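The values are calculated or read from the model by the stated rules, or taken from the named source; none is laboratory data. Since this is a predicted model, take the numbers as computed values, not measurements. Virtual Cβ from ideal backbone geometry, glycine too; neighbours counted across all protein chains shown. These area figures cover heavy atoms from the full protein model, side chains too; ligands, DNA and RNA do not enter into them. Shrake-Rupley method; radii C 1.70, N 1.55, O 1.52, S 1.80 Å.
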Amino acid sequence: MFDIILTVNIIWFSLALCFMVAFCLYKFSLKLPYELDRVFQDLIRYGKTKDNIKRQSWQLVYDVSKRCFYHFYAVSVMWNGLLLLFSLRSVVIGEMFPDWLMDLLWCLTGRSRTAWKELQLSVLLLQVLLWIHSLRRLLECLFVSVFSNGVIHVVQYTFGLAYYVLLGLTVLCINASSTQEGVKSVALFYQLTWHHVIGTLLFVWASLLQHRSLSLLANLRTDHSGKVETLAHKMPQGGWFDWVSCPHYLAELLIYTAMSVCCGCSSLTCWLVVLYVLCNQALAAQLCHDYYRSKFETYPCHRKAFIPFIL
């Protein structure tokens, strides 16, 4: 598998390693040279967690409103919807992917276009789940979440836009590792196995957990009619917030784990994406957890950042 999808695996492992190093630097209070540490802190933080650091005026130039979060999911809905459309056309009418898409997939896998002649059920299911996830998050950003006046760095914003583009391509790359030359193809319906069912059920449960957690956060700023009363940060309570500070980050990790289960837990690429999400969400959750602990004197000491009893 290493030689089949080497480039895409290197990309995800490198991203995971970067966030793992960033998490360790922050978690263990390892200081970088002064100016470098200032830039580092600005890059890893967003929203309310930027309140805990002093920022120079030149750093404010790179701020983007956190309300622009929905841009990530809008791009994902359009891009991954387009990729899903190409896949459905491939399955239904046998149409090959366009040349520009095949060139991108070749750069990531080194495989010829025959690797996508027969799309696997696992890949199609992942595309559907990814599109549903993106659409739900887009609707939540637009109609559920109440964003404060927090900001994100322009580097974070650019990365967020590119992330879902790469993720959609990565899902298609998985087909290269599951397609074997010389092996007779099996109809999509007959490819259905237990891991597709379990993975989908876990995806649904994790999505409900994330939606419920985001709704609880939004309720902290609205009245019973849904009218926004404040943009202040309050201590979240109820649901999985009684166990962790960021159950919505835990749900994100579980959503990607569910996608890996849908691949039969056998895709190295899928698990590297899960590793990246773990490192990324661990850093974001720890920053948020420390913010809550510093802001609220009565914050429950038994709460972990985002994995109950562990982290």
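At-a-glance table
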read-out: Sparsely packed chymotrypsin sites (Phe, Trp or Tyr not before Pro) within region 1-98, loop by DSSP, other Cβ within 10 Å at most 14; value: F2, F28
read-out: Region 1-101, accessible surface, carbon-and-sulfur percent (1.4 angstrom probe); value: 70 percent
read-out: Within-13-Å neighbourhood charge of V91 [Cβ basis; K, R +1; D, E -1]; value: 0
read-out: Area accessible to solvent at R137, 1.4 Å probe radius, in Å²; value: 20 Å²
read-out: Value of [θ]222 nm, deg cm²/dmol, for the chain, DSSP H segments ≥ 4, -39500 (n - 2.57) each, nearest 500; value: -20500 deg cm²/dmol
read-out: Tilt relative to the chain, helix 268-295 - C-alpha long axis, 0 to 90 degrees, to 10; value: 10 degrees
read-out: Debye intensity ratio I(q)/I(0), log10, the chain, q values 0.08, 0.09, 0.15, 0.16 Å⁻¹ (C-alpha model); value: -0.40, -0.50, -1.27, -1.40
read-out: Between 0 and 90°, nearest 10: helix 194-219 axis offset from the chain longest Cα axis; value: 20 degrees
read-out: Cross-link table K234/K304; K54/K227; K27/K227; K227/K295, entries beyond 28 Å C-alpha to C-alpha; value: K54/K227; K27/K227
read-out: Highest-MSF residue in the chain out of S267, S112, S57 [GNM, Cα springs under 10 Å]; value: S57
read-out: Student exercise, region 110-208 dipole from Lys, Arg, Asp, Glu Cβ charges, in Debye to nearest 20; value: 160 debye
read-out: Nearest 10 degrees, 0 to 90: helix 121-143 Cα axis against the chain principal axis; value: 30 degrees
read-out: For D51, solvent-accessible area (1.4 Å; no DNA, RNA or ligand), Å²; value: 100 Å²
read-out: Equivalent ellipsoid, region 1-97 (semi-axes from 5 times Cα gyration tensor eigenvalues, Å); value: 38, 21, 10
read-out: Listed residues R111, R67 arranged by accessible area, highest first, probe 1.4 Å; value: R67, R111
read-out: Fluctuation leader among V204, V186, V151 - the chain, Gaussian network, Cα springs under 10 angstrom; value: V186
read-out: Debye, to nearest 20: dipole size of the chain, +1 on Lys, Arg Cβ, -1 on Asp, Glu Cβ; value: 660 debye
read-out: Amide proton proximity set for S245, modelled H, under 5 Å, gap of 5+; value: K304, A305, F306
read-out: Reach of K66 by Cα under 16 Å, taken over lysines that are not fewer than 8 positions away in the same chain; value: K48, K50
